[in-house]
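The values are calculated or read from the model by the stated rules, or taken from the named source; none is laboratory data. If you're wondering where the values come from, they're calculated on a predicted model, not measured in any experiment. For neighbour counting, all protein chains shown are included, and Cβ atoms are generated from backbone atoms with ideal geometry for every residue, glycine included. Note: areas computed on protein heavy atoms with side chains; ligands, DNA, RNA excluded. Shrake-Rupley method; radii C 1.70, N 1.55, O 1.52, S 1.80 Å.
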Amino acid sequence: MQISAKADYAVRSLVELAADSGRPLTCEGIASSQDIPFRFLKSVFRDLRQAGLVRSQRGCEGGYWIGRDPAAISVAEVMTAVDGEFLTLRGARPDTLKYPGAAQGLPDLWRAVEAAAQAVLGRTTIAELAAEGVRTDGAGREPRGEAGPARDVAPAVPVSVPASA
């Protein structure tokens, strides 16, 4: 499964906005702090604004604010806002796939993958990610003496792989 750069940048930008919600942040400032190409980030913000996930204000005191309560914005919602469909296979939704013969059960696997990803990303909020970032030392590690929240991970889908001859 591949997560697009656009989705990654969108989530990172919203986490940045949620972590510093007391003032508007500029696109340039977010691009710099998150090491994101500025021109690409401008198009990401256009999609986020259309989805109501950010609001903007022009002028010298302008910038971007998070558009809603970050606790009500899931990572899955952000990904869908910038990429369209949550998961596609060669441009088709997993629930529309039908394969002939021996591969006819494969669409069930793709639907299970989509459901597992949707479950994890759908319950993970921008507020949670922003809070985790505040609790880390900036390098993604927990400071000594503090434990981060336990994150449930969807169980792996069992796949049988034939033994090599």
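Remarks
- Considering every alpha-carbon pair of segment 30-126, the percent of pairs per 5 Å bin, from zero through the bin containing the longest distance, is 2, 11, 16, 19, 16, 12, 9, 7, 5, 2, 1, 0, 0.
- Positive minus negative residues near A92 (Lys, Arg vs Asp, Glu; Cβ under 14 Å): +1
- Carbon + sulfur, % of accessible area of segment 21-108 - ligands and nucleic acids excluded, 1.4 Å: 48 percent
- Converting the Cα gyration tensor eigenvalues of segment 1-62 into ellipsoid dimensions via √(5λ) gives semi-axes, longest first, of 19, 12, 11 Å.
- Net charge of Cβ neighbours under 9 Å - reference G67; Lys, Arg +1; Asp, Glu -1: +3
- Amide H within-cut-off set for T124, under 5 Å, with H built and near neighbours excluded: V75, A76
- Given their separation in residues at 0.36 nm each and the Cα-Cα distance between them, D83 and E28 gain 17.6 nm when the chain is fully extended.
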